[in-house]
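Working notes for the structure below.
Values in this text are rule-based calculations from the coordinates and carry no lab data. Remember, it's a predicted structure, so these values are computed and weren't measured experimentally. Note that we place each Cβ from the backbone using ideal geometry, even for glycine, and neighbour counts take in every protein chain shown.
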Amino acid sequence: MKTRNNLTYRIQQFKLAIDPHIQPVQIKELSPYLNGSQITFFKKMQPSEQRHAYEVLEKLKAEGCDHPDLLRAALLHDVGKILYPLKPWERAMVVITVQIAPSLARQLGQRKPIGFFKAFVVAANHAEWGADLISKTGATELLVDLIRNHEDSSAPVHDHLLSCLQKADDAS
Ligand SMILES: [Fe+2]
Ligand SMILES: [Fe+2]
């Protein structure tokens, strides 16, 4: 798999992560899209991650993308990060390493998710973890696939919904 590497996206996420005023997304904003267990997973994300996911949803809607599974994937694509919550400095470390030494970042992502390595392992595996979590919530195969492949830049270009998700993710 070829991991996406978009600096704008990473900087945006980092800015969100260090903003102390960020508020979690309200349940009433989620209930039109997610079922109860999906909302439970969503609420376990950090406020900055919730806000990022909601911005991806808004971006897709503004562009007229209204496929229900695409909108669900917008909200849930990064949910695998709940397994190992990261601190802002850990995210920054990954952003910098991915930019200056992408193959090193990939190698570090193959280690066990402890200590210094944790952030790299989360970056490398959160898509897979999120897909596994959401597959147990009554999700369609399409939703699970969108989550599983959202970081994969080598995913088939004809997959229109996936490329919509990746573009909105990069811009949020
Ligand atoms: Fe992601
Ligand atoms: Fe994302």
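Fewest first, what order do D169, D19 take by the number of other Cβ atoms within 10 Å?
Lowest count first: D19, D169.
Lys and Arg at +1, Asp and Glu at -1: add these up for the other residues within a Cβ distance under 12 Å of P113 and post the number.
With Lys, Arg at +1 and Asp, Glu at -1, the net is +3.
Only counting other Cβ atoms within 10 Å, I'd like M93, M45 sorted with the fewest neighbours first.
So the residues, fewest neighbours to most, are M93, M45.
In whole Hz and in residue order, list the ³J(HN,Hα) couplings for the range 93-103 that follow from phi through the Karplus curve 6.51 cos²θ - 1.76 cosθ + 1.60, θ = phi - 60°; x for Gly and Pro.
Values per residue, Gly and Pro as x: 4, 5, 4, 5, 5, 4, 6, 9, 8, x, 6 Hz.
Once the other residues with Cβ under 12 Å from the Cβ of E90 are scored (Lys, Arg +1; Asp, Glu -1), what is the net sum?
That works out to +4.
Taking a virtual spin label 7 Å from the Cα of Q23 along the C-beta vector, which residues in the range 41-73 bring their backbone nitrogen under 12 Å of it?
Flagged as within label range: none.
Taking the simple approach of a point 7 Å from Cα along Cα-to-Cβ for both A171 and W89, what is their distance in nm?
3.6 nm
Any chance you could list P(r) for the range 38-172, counting all Cα-Cα pairs in 10 angstrom bins from zero, rounded to whole %?
The percentages, shortest bin first, are 13, 43, 36, 9, 0.
I want to check the label-to-label distance for F117 and K136. Put each point 7 Å from Cα in the C-beta direction and report it in nm to one decimal.
Label-label distance for F117 and K136, simple model: 2.4 nm.
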